[in-house]
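Worksheet for the structure shown next.
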Amino acid sequence: MSSLDDLRAVLDPAAIVTDPQALAPHLTDWRGKHQGAALALLRPRAVEEVSAILRWATATRTPVVPQGGNTGLSGGATPDASGAAVVLSLARLNKVRAVDSAGDTLTAEAGCILADVQQAAAAHDRLFPLSLGSEGSCQIGGVVATNAGGINVIRYGTVRDLVLGLEYVRADGAVIHGLKPLRKDNAGYALKELVIGSEGTLAIVSAATFRLFPKPRASATALCGLASPADALRLLGLLRQSAGERISSFELMCDGEMGLTLDSVPGTALPLERRHGWYVFIELGDSDPAGRVGELLTDALAAALERGLLQDATVAQSEAQAKAIWHLRFAVAEANRRAGPSVSHDTSVATADVPAFIAAIETMAAERFPKARALFVGHVGDGNIHVILLFPRDTLAEQRHELGHAVNAAVFAIVSDFGGSITAEHGIGRNLTGALAKQAQPEALELMRAVKQAFDPLGILNPGVVLAQR
């Protein structure tokens, strides 16, 4: 077992945690599906200390598992059961270093909470558009490491589209100072693009410079009841004709998922007269206070009702009503966690293929897993659909592992048929290393291993995540 004595000479006492009770929350994932062990929890407070930790880890060949807010859904921030690794928490690197209103950029350290970064941008009359259900606890390093998406991808893109510059630390402790707020930079290989989304397997992100946007002066939120995903896509097409780039969010949810949320999450209520087969959450935003987005959205929904694309709709008349509508969407993860044993997927297909993809999953589930309920929620505007197969609570524990493998294989086969991706925003983590090895083109997988070797020749950064260990 590696000695921590050398680290105690360069880190403050609060930076090294070995007490089992204090360690425990960092050794399991948010869903409680992964449980590991660790030599210690390390909590640096500056990038220089991250560098010192990684120099020590290289010298002692100690595995390092980086961890942000520990809200991930793929097991990528949980150590294995060997107890040989250290967990590296970036929570104390939590400063917003700079906000440049003229250049519309913000630089934040890895431990900053996403909601705090949103507020820092708002304090300078700007918008940081990344928005997730876990934004009150997830951290900047984690959203960069997973290339997070969220509800506003249809307009603003994923984290990869928002990052201008990156500061990160290599496995050997070298700090790469890349926090340039440049929108155009063709000087050599785009190394930051490799680090973004690498889930802590290539380097440790310590800070990032992001794009900001004009703060919306007018916004409008609606919840719609529909008969089918096909009608949702037709509604999206109609809305694009009138609202164009004002569409910030366009989210789809099935009634089964809505029922779970209403039944199990306090403070949720359906603002429609009755339940429907499917629901769409819409938000429009405009930086022009005279943009009349509320009127625009109301007119578009009225036209959709006339064409039979909608069964019902409500437009929020206040900020409180808008928050209540979005609470229904954001509460889904908590509802699913409470519902019982499930197998969840973070898939993406071409937007036009979403209705056929959902139908194929429903048919497969009915035929092969008749005791399960197939649930769907996701960012239909960008083709990212979360597929959940929920099993009865009395499903035996010993059956769940086997069921998980069978469900994954069936779902991923359908994803492959549609030319989609087995993960759109949650990442590979530990959960999908085997699936990636099967799904990826062998030549592409070979390149991934070569990149890993170049960044982390000893294999100490988050081993067993993304790429299966040989």
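Points worth noting:
- Debye-sum result for region 5-89 in log10 I(q)/I(0), which assumes one identical scatterer on each alpha carbon, at q = 0.17, 0.19, 0.22 Å⁻¹: -0.64, -0.80, -1.05
- Cross-link reach list, lysines versus residue 452, counting only Cα pairs under 16 Å and skipping chain neighbours closer than eight places: 192
- Once the Cα-Cα distance is subtracted from the 0.36 nm per residue extended length, the residue 122 to residue 274 segment shows a gain of 51.1 nm.
- Region 218-332: proportion of alpha-carbon pairs further apart than 21 angstrom, %: 31 percent
- Of the DSSP H helices in the chain, those whose Cα atoms cover at least 15 Å axially and whose Kyte score averages -1.0 or more: 47-60, 229-243, 293-306, 319-330, 354-368, 397-417, 442-455
- Isotropic mean projected area of the C-alpha convex hull, region 79-144 (nm²): 5.3 nm²
- FRET efficiency estimate (nearest 0.05) - Cβ-Cβ, residue 95 to residue 186, R0 30 angstrom: 0.50
- Packing-based ranking of 105-113, 32-40 yields 105-113, 32-40, ordered from highest to lowest mean Cβ neighbour count within 10 Å.
- Taking 0.36 nm per residue of separation and subtracting the current Cα-Cα distance, fully stretching the chain between residue 363 and residue 245 would add 39.0 nm.
- Quotient of Cα Rg and 2.2 N^0.38 Å for the chain, N being how many residues it contains: 0.99
- Inter-label distance, residue 102 to residue 46: 2.9 nm, where each label sits 7 Å from its Cα along the C-beta direction.
- Working from label points 7 Å from Cα in the Cα-to-Cβ sense, the residue 9 to residue 469 distance is 2.9 nm.
- Separation of alpha-carbon centers, region 438-454 and region 12-56, rounded to whole Å: 29 Å
- In Å, descending, principal axis extents of the Cα set of region 360-470: 46, 36, 22
- Spatially proximal lysines relative to residue 371 (Cα-Cα < 30 Å; intrachain offsets below 8 disregarded): 33, 438
- Net charge of neighbours whose Cβ lies under 11 Å from the Cβ of residue 63, counting Lys and Arg as +1 and Asp and Glu as -1: -1
- For region 383-438, alpha-carbon Rg relative to the globular expectation (2.2 N^0.38 Å, N residues): 1.21
- Relative contact order [Cα under 8 Å, 6+ residues apart], the chain, whole percent: 16 percent
Read-outs: derived from the displayed coordinates by stated rules, not from any lab. The structure presented is a predicted model; accordingly, all values stated were derived computationally and were not measured. No Cβ is skipped: glycine too gets one built from the backbone with ideal geometry, and neighbour counts run over all protein chains shown.
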